[in-house]
1. Only sites in a loop by DSSP and with at most 16 other Cβ atoms within 10 Å count here; which trypsin sites (Lys or Arg not before Pro) in segment 1-63 make the cut?
2. In segment 20-98, what GluC sites (Glu not before Pro) fall in a loop by DSSP, with at most 10 other Cβ atoms inside 10 Å?
3. Rounded, prolate or oblate: which fits segment 2-77, taking a ≥ b ≥ c as square roots of the Cα gyration tensor eigenvalues, rounded meaning a/c under 1.5, else prolate when a/b beats b/c?
4. I want the local charge near residue 61. Using Cβ-Cβ distances under 11 Å, sum +1 for each Lys or Arg and -1 for each Asp or Glu among the other residues.
5. At 7 Å along Cα-to-Cβ for each site, give me the label-to-label distance between residue 42 and residue 13 in nm.
6. Once the other residues with Cβ under 12 Å from the Cβ of residue 7 are scored (Lys, Arg +1; Asp, Glu -1), what is the net sum?
7. Using a cut-off of 12 Å between beta-carbons, work out the net charge of the residues near residue 42 (Lys and Arg +1, Asp and Glu -1, residue 42 not included).
Amino acid sequence: PLVARWSRTYDLYVRLRPDTALKADGVRSTNERFRDEIEKILDVIVPRYVDGDRLVELWASDVTEDFDWDSLVERLCGPPPQGTPDPQPVTYTPTLWD
């Protein structure tokens, strides 16, 4: 029930498929067997709880400095507005720390 409820709170899932070597960074596990087990779990859970139209799967090696994030943002938010947006007023409320 928790995963089913949680999965409905996201508009888009981006799953990175592991195809790169694990690197020790002091935070994440470098155990390939552990990574493979997690991937097997995700292979079962993701299709069960995430509709295909809300899922984007990428190879980790494809996500580089040149990756086209704009297409994912447009998929999530729609095309950018045309023309120059009208200025909107900003209300500033001072806090104790200002």
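1. 8, 23, 28
2. Qualifying residues, ordered by number: 65.
3. Working: a/c = 2.22, a/b = 1.18, b/c = 1.88.
Judged from the Cα gyration tensor, segment 2-77 comes out oblate (a/c at least 1.5, b/c at or above a/b).
4. -1
5. It works out to 1.0 nm between the two label points.
6. Counting the neighbours of residue 7, the net charge comes to +2.
7. 0
Coordinate-derived values only; no laboratory data. Note that the structure is predicted; figures quoted are calculated from it, not measured. Quick reminder, even Gly has a Cβ in these numbers, built from the backbone with ideal geometry, and neighbours come from all protein chains shown.
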